[in-house]
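Down below is the structure, laid out as structure tokens.
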Amino acid sequence: MREVESCEAAVNPDPVGRASALFRSTYGVEPGAVASAPGRVNLIGEHVDYHGGHVLPMATAERTAVAVGTLAGAFRAVSEQGAAARIPWPVERSGTWADYVAGVARLLAPRASPGPDGLAVAVASDVPLGSGLSSSAAIEVAAAAAISSAWRLPVEARALAAVAHSTETDYVGVPCGMMDQMASALSPEGAALLIDCAGLETRAVPARFDVVLVDSLEAHALRKGAYAERRREGDAAIAALRAVIPGLAWLVDVPPDRMGAVAKLPPPLDRRARHVIEENRRALEAARALETGDLAAFGRLVFASHDSLRDLYECSTPRLDAIVAAAHRIPGVLGARLVGAGWGGWALVAAEPGRGSEVAAALRLALDLPASAVREERAGHGVTVDRPA
């Protein structure tokens, strides 16, 4: 992870400058530290991270910045959207957006010396909320970096991802895998990041194609239960498979010659398990296709991923299906699929290099969407401490 000193301009188009200005206007002092982290778009490998599979996310250019400083006796947080929270110290779960930062503070406080007795926070973000681009991981990772810097704790990127993941699962209460936090913390500049979610090994993968994101105009909410239900179904599937495949560690480890055991699972466990196993293979094949420059093969795998998410994992919506169907008919499109777990949010459209603008315009016309609902995306980079303590 790199550290950079940010120079604030009179006008702050970047979230780091906006978070710093919001902190000063709210608390009357300079922040002790400011950090930023990106959202992510997962190119392929959906719903396999919590089953030990391989995922291929890319950091977005849009980032979330968190500015922090000292505050006696309480946790107080403000965002540029006007949201505010005040929680007694030591913090307890509030059920509000502030939990994404308060949970980080709760985890890190015992590691700090001397022990902190409060925290002031200001947040600014360009990552769309409720889009499936992991605004939650962006704020968690940025908060972990800013708070660690302010409290003179290590700011190694993998450790920040672990703190952010624990916040999401144990404090906020979403039983997710670690992909989002790893991508937000570790993504290399201008490339995708292949992550083995079992061993957490990573490698950079070239992403030499254009990315267009399309808003389904359906906000998704993973806390509403569908995501947790899929987790329970996956756990039930692997428990049943372990009874007939001794030593099976992860669902993705079912060998090709034992897929008959998957077919014998009761519905819908058979469909859920088949998606996870086949999607993991697609992610590995997609990484190899990108590394060899076979963009056509990559695109076919992306389309196949959506088909599987629609038919086997059943986490798509008619609107997302319509976006993908429209993309199929547009020249220059390599592949398309839902992103961000599904049940609403955004769709990814991979386009031939240099044709992103053309594809975006065709999608707006075909789907009768406002300009703001279709946008080209650039690869970003992982977490930075933009103003160290």
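The values are calculated or read from the model by the stated rules, or taken from the named source; none is laboratory data. Here the structure is a predicted model, which means the values were calculated and not measured. In this analysis, Cβ positions are derived from the backbone assuming ideal geometry, glycine residues included, and neighbour counts consider all displayed protein chains. Surface areas here come from the heavy atoms of the whole protein model, side chains and all, with no ligands, DNA or RNA. Shrake-Rupley method; radii C 1.70, N 1.55, O 1.52, S 1.80 Å.
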Give Ala142, Ala120 a once-over and let me know the one that is of a type in the set (A, V, I, L, M, F, W, C) and either closer than 30 Å to Ser372 by Cα or touching a Cys at 6+ places or on another chain (Cβ under 7 Å) (or both).
-> Ala142
Among the residues of the stretch 79-103, which ones are under 30 Å from Ala347 (Cα atoms) and either assigned to a loop (DSSP other than H, G, I, E, B) or among the β-branched types (Val, Ile, Thr) (or both)?
-> Glu80, Gln81, Gly82, Ala83, Gly95, Thr96, Trp97, Ala98, Val101
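Is it the case that the stretch 176-193 has a residue that's assigned to a strand (DSSP E or B) and not hydrophobic (A, V, I, L, M, F, W, C)? Lay out the reasoning, then the answer.
Going through the stretch 176-193, the residues assigned to a strand (DSSP E or B) turn out to be 192-193.
Pick out the ones that are also not hydrophobic (A, V, I, L, M, F, W, C) and you get none.
Looking for residues that are assigned to a strand (DSSP E or B) and not hydrophobic (A, V, I, L, M, F, W, C), one finds none in the stretch 176-193, hence no.
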Pair list, Cβ < 6 Å and 6+ apart or interchain, from the stretch 234-261 residues that are under 20 Å from Gly199 (Cβ atoms) to residues that are polar (S, T, N, Q) = Val252/Asn280
Are there any pairs with C-beta distances below 8 angstrom linking a residue in the stretch 110-127 that is part of a loop (DSSP other than H, G, I, E, B) to a residue that is basic (Lys, Arg), with the two at least 6 apart or on different chains, and if so which?
-> Ala112/Arg152; Gly118/Arg76; Asp126/Arg63; Val127/Arg63
Can you name the condition, by its number, that Tyr100 falls short on among (1) open to solvent by 10 Å² or more (accessible area, probe 1.4 Å); (2) closer than 23 Å to Asp196 by Cα; (3) not hydrophobic (A, V, I, L, M, F, W, C)?
-> (2)
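Take the stretch 291-307 and flag every residue that is open to solvent by less than 10 Å² (accessible area, probe 1.4 Å) and either at pLDDT below 95 or within 18 Å of His54 (Cβ to Cβ) (or both). Reasoning before the result, please.
At the first step, the residues of the stretch 291-307 found to be open to solvent by less than 10 Å² (accessible area, probe 1.4 Å) are 298-299, 302, 305-306.
Of everything in the stretch 291-307, those that are open to solvent by less than 10 Å² (accessible area, probe 1.4 Å) and either at pLDDT below 95 or within 18 Å of His54 (Cβ to Cβ) (or both) turn out to be Phe298, Val302, Ser305, His306.
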Restricting attention to the stretch 330-376, and to residues there that are of a type in the set (D, E, K, R) and over 19 Å from His306 (Cβ atoms), which single residue is most open to solvent (accessible area, probe 1.4 Å)?
-> Asp368
Sole exception among (1) part of a loop (DSSP other than H, G, I, E, B); (2) surrounded by fewer than 16 Cβ atoms within 10 Å (Cβ to Cβ); (3) within 16 Å of the chain's Cα centre (by Cα) for Ile245, by number = (3)
